[in-house]
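First comes the structure, then the notes that go with it.
The values are calculated or read from the model by the stated rules, or taken from the named source; none is laboratory data. Here the structure is a predicted model, which means the values were calculated and not measured. Glycine gets a Cβ as well: all are built from the backbone with ideal geometry, and neighbour counts include every protein chain shown.
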Amino acid sequence: MEPTTIYPITNFMGEFITIAKTSDLEPGYGKVANVMGKAIALFNVEGTFYALENTCLHRGGPIGKGTLEGDVVTCPWHQWQYNVKTGVMEFDSEKRLKTYAVKVEGEDVKIRMED
């Protein structure tokens, strides 16, 4: 199991929080970050970062450990697929994972945690 980098959290809900460095995640890959007690899946799609909840709607698989092809991640447990930009499940647009706003400032990848 790969180590998870933990960045100090000094912000409050609704503000952007640093969860990774741009160098932590190559294009075409995802990772899991722990932020304020929540597991967040972070993906790099051709240099643009996207974040969504890390729990698959099917059986709770770790989305951040899935395979990323283009902007679609496949859950490693049972192959459910989600668009990382929208959180929408590929085969049932009624199902959706929560997404988080992402911005990059210098080398810092930040997300906004909301209630």
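Restricting to the stretch 91-104, and then to whatever is assigned to a strand (DSSP E or B) and without any contact (Cβ under 8 Å) to a residue 24 or more places away in the chain, can you tell me which residue is surrounded by the most Cβ atoms within 10 Å (Cβ to Cβ)?
Step by step, filter the stretch 91-104, then rank; the result is Arg96.
Would you point out the residue of the stretch 78-105, among those that are modelled with pLDDT of 95 or more and hydrophobic (A, V, I, L, M, F, W, C), that is nearest to Lys21 (Cα to Cα)?
Among residues in the stretch 78-105 that are modelled with pLDDT of 95 or more and hydrophobic (A, V, I, L, M, F, W, C), the one nearest to Lys21 (Cα to Cα) is Val104.
Among the candidates Glu2, Glu26, single out the residue that is at pLDDT below 95 and either exposed (fewer than 15 other Cβ atoms within 10 Å of the Cβ) or in contact with a Gly (Cβ under 7 Å, 6 or more places away or on another chain) (or both).
Going through Glu2, Glu26 in turn, the sole match is Glu2.
With respect to Glu53, is the statement that it is acidic (Asp, Glu) and under 12 Å from the mean Cα position of the chain (by Cα) true?
For Glu53, the condition - acidic (Asp, Glu) and under 12 Å from the mean Cα position of the chain (by Cα) - is met.
Please name all residue pairs, on different chains or six or more residues apart, with Cβ atoms under 9 Å, provided the first residue is in the stretch 45-57 and is at positive phi and of a type outside the set (A, V, I, L, M) and the second residue is buried (at least 24 other Cβ atoms within 10 Å of the Cβ) and part of a strand (DSSP E or B).
Qualifying pairs under 9 Å: none.
Quick check on my filter: what residues within the stretch 18-40 are touching a residue at least 40 places away in the same chain (Cβ under 8 Å) and either of a type in the set (Asp, Glu) or under 16 Å from Lys85 (Cα atoms) (or both)?
Across the stretch 18-40, the qualifying residues are Asp24, Gly28, Gly30, Ile40.
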